[in-house]
Structures are given as structure tokens and as C-alpha cells.
1. Residues that are over 30 Å from Val131 (Cβ atoms) and either within 22 Å of the chain's Cα centre (by Cα) or hydroxyl-bearing (Ser, Thr, Tyr) (or both): does the range 4-17 have at least one?
2. Could you check the range 34-58 and list, in sequence order, the residues that are surrounded by fewer than 15 Cβ atoms within 10 Å (Cβ to Cβ) and of a type in the set (Val, Ile, Thr)?
3. Which residue is farthest from Val57 (Cα to Cα), if the candidates are limited to the range 72-130 and must be of a type in the set (Val, Ile, Thr) and touching a residue at least 12 places away in the same chain (Cβ under 8 Å)?
4. Can you tell me how many residues in the range 82-135 are hydrophobic (A, V, I, L, M, F, W, C) and in contact with a Leu (Cβ under 8 Å, 6 or more places away or on another chain)?
5. Looking at the range 54-84 only, could you name the residues that are over 18 Å from Leu136 (Cα atoms) and among the small types (Gly, Ala, Ser)?
6. If a residue counts only when it is more than 16 Å from the ligand (Cβ to nearest atom) and either touching a Pro at 6+ places or on another chain (Cβ under 7 Å) or outside the structural domain of Val129 (by TED's automatic domain parsing) (or both), which helices (runs of 4 or more DSSP H) contained entirely in the range 1-87 have at least 3 such residues?
Amino acid sequence: MKLLPVNLKHALSKTIKPVLLKVYPKLKSFLRVFALLFAICTGLFVATLLFGSICPVKTIFGIPCPGCGMTRALIFAARGNFERAFYYHPLFPLAPFLVAGVAVYSLSKKPPVKKCAGAILLALCGVFVAVWIYRLAAGWR
Ligand SMILES: [Zn+2]
């Protein structure tokens, strides 16, 4: 049983097939990223329900990690409450630079750019660890 006349079938394969072949790889990678983000969000939600914290370091070791409080700090900063943002994480203004550094480091193909981004990321990590140690010593839990 023929569903489509041969001419129409041929015409459709000439017009739709190239478009589908062009769009499909992009759609496939978008779906992979979406599935990964969905899995991460689901994992964070389940971790919050089970352990009361989304931080694996705090859940396993009982102490906050260098990034703990950053989400709350960024939320308060976005609302314009910078005092509260500094309370939750004093390095919240550096968060966009950290994200940009990771993006540049992972996306750049030029060795000098990658090396520079890597050095900046290392320096930022050093600052985060130093502040983390200071906050832990000051009794932060
Ligand atoms: Zn944490």
C-alpha cells in the first residue's frame, strides 16, 4: 500500500531530508545538554530531600565547602540585598569571573588564552580556598 505518490515522496525527500539532516545534530546535542541539566537538577532535588543540603561535601564530611552559600548570596545580590549576599558568601562578586574563566578555559582552542584563563582560575580557586579556611576558622558551619 502506497501512502504517498512517488513524485510527492521524492519531492519531500529532496526538501525535508536535507533540513532534518542539518537540524538533527544540533537537536541531538541540545537534547543531551537538556538531559544532563535535568539529571543534575533531579539529583540536587533528591539530595536536598534526603540530606537537607545539596552540597556533597557538607553531606559527607559535615563541613561546608568553599562554594557553600554562593547560591543564596547570588539570589540576595540579584534582589539588591548586598549585605545579606556578603553574609552568605563574601566572594559572590567573583562568581561571574569564575564562570567566565571556566567557559573561556574549556572553549578556547588558543594555547595562550587557555593558559591565561587557567592561571586566573587557579588564582580564583586559591582565593576561594583561603576564604574558606578563614571562614571555617571563624566558626562557620
Ligand atoms: Zn557546599
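1. Yes.
2. Across the range 34-58, the qualifying residues are Ile40, Thr42, Val46, Thr48, Val57.
3. Of the residues in the range 72-130, the ones of a type in the set (Val, Ile, Thr) are 75, 99, 102, 104, 113, 120, 127, 129.
From what's left, touching a residue at least 12 places away in the same chain (Cβ under 8 Å): 102, 104, 120, 127, 129.
Numbers: Val102: 21, Val104: 27, Ile120: 24, Val127: 19, Val129: 14 Å.
Per the criteria, the residue is Val104.
4. First, pick out the residues of the range 82-135 that are hydrophobic (A, V, I, L, M, F, W, C): 82, 85-86, 91-92, 94-95, 97-100, 102-104, 107, 113, 116-117, 119-125, 127-133.
Narrowing the set further to residues that are in contact with a Leu (Cβ under 8 Å, 6 or more places away or on another chain) leaves 85, 92, 94-95, 97-98, 102, 121, 124, 127-128, 131.
The total comes to 12.
5. Ala77, Ala78, Gly80
6. 6-51
Residue-wise test of (1) over 20 Å from the mean Cα position of the chain (by Cα); (2) farther than 26 Å from Leu44 by Cα; (3) loosely packed, with under 13 Cβ neighbours inside 10 Å.
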site	(1), (2), (3)
Thr71	no, no, no
Ile75	no, no, no
Arg84	yes, no, no
Phe97	no, no, no
Pro111	yes, yes, yes
Leu124	no, no, no
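The values are calculated or read from the model by the stated rules, or taken from the named source; none is laboratory data. Nothing here was measured: the structure is a model prediction, and the numbers come from that model. Note that we place each Cβ from the backbone using ideal geometry, even for glycine, and neighbour counts take in every protein chain shown.
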